[in-house]
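To keep things clear, I will list the structure first and then write my remarks on it.
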Amino acid sequence: MTNRKALIAGNWKMYKTGPQAAELATRLKSLVSDVTDVDIMVAPAFTALGVVAEILKGSVIHLGGQDLFWEVEGAYTGEISAPMLKAAGCTYVIIGHSERRQYFGETNATVNKKIRAALLEGLIPVMCIGESEAERESNQTFSVVQKQLEEGLQGLTSDEAQKLTLAYEPVWAIGTGKTATTDQAQEVHEFIRKRVETAFGNSVANTIRILYGGSVKPENISDLMAMADIDGALVGGASLDADSFAAIVRF
Ligand code: PEP
């Protein structure tokens, strides 16, 4: 990390009913109330956004959606739009999580549409990229990440790109307990920052936050955060426990 303010984001995935999410948010709020040097975000399930937004009002914790659909409104049963997330109190939205890509047909093209929809509404997209285990083993990590970046960010101006947060999440490290080594992560983060510089210029590359995600825990966060191009973490499993997540926030 350099002078970029760290962001620690919790992805609660399809865990926690409204009452359970309320309990987690209440505990977390009291555990991190004094934190000002790190940005904090949690992304509960859609059904818990309302109750969590109420609890987090006036706290240091920002609210995020886990996904959105790119249209503003319409006959799209089951979908949630950017204005709906904004009205629910979100400032961030996770886009292109590998679980969305793997199970729900998300592609770089749909990621691109969703990023544009989020930006139009003033939401900060947290765009997820990362290679699978097979891709890493066949030395395709950099080409996969480059394609995800190029296609996902296609047509964006530098001003738009400036507003993004990126998350490098090697798919083989998500929910598996396997964390990329700090050197493996740093190498890809540095590559991503260079690609951002080529596409959008030096100033965007220097200010954009690139989070690491994949089995981040209180035990490994400080080593990851010591790397030059790692600016925070997107945390799944360990964000479901208030004490673990608070310990990660206090890396
Ligand atoms: C994630 O959901 O983005 C993630 C990184 O999960 P976990 O921390 O459980 O590996």
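Values quoted throughout were computed directly from the atomic coordinates according to the rules given, and no laboratory measurement underlies them. Just so you know, these numbers come straight off a predicted model, no measurement behind them. A quick note on method: Cβ atoms are made from the backbone with ideal geometry, for glycine too, and the neighbour counts reach across all protein chains shown.
Being assigned to a helix (DSSP H, G or I), within 16 Å of the ligand (Cβ to nearest atom) and surrounded by fewer than 18 Cβ atoms within 10 Å (Cβ to Cβ) is a description that applies to ASP243. Scanning the stretch 125-144 for residues that are among the hydrophobic types (A, V, I, L, M, F, W, C) and surrounded by fewer than 21 Cβ atoms within 10 Å (Cβ to Cβ) yields ALA134, PHE142, VAL144.
Residues in the stretch 145-159 that are outside any helix (DSSP H, G or I) and buried (at least 16 other Cβ atoms within 10 Å of the Cβ) were compared, and the one that is farthest from the ligand (Cβ to nearest atom) is LEU156.
Residues in the stretch 21-36 that are touching a residue at least 24 places away in the same chain (Cβ under 8 Å) and out of contact with any helix residue (DSSP H, G or I) (no Cβ under 7 Å at 6 or more places or on another chain): SER33, THR36. Checked against (1) under 16 Å from VAL126 (Cα atoms); (2) surrounded by fewer than 17 Cβ atoms within 10 Å (Cβ to Cβ); (3) within 15 Å of the ligand (Cβ to nearest atom); (4) not hydroxyl-bearing (Ser, Thr, Tyr), GLN162 passes all but condition (3).
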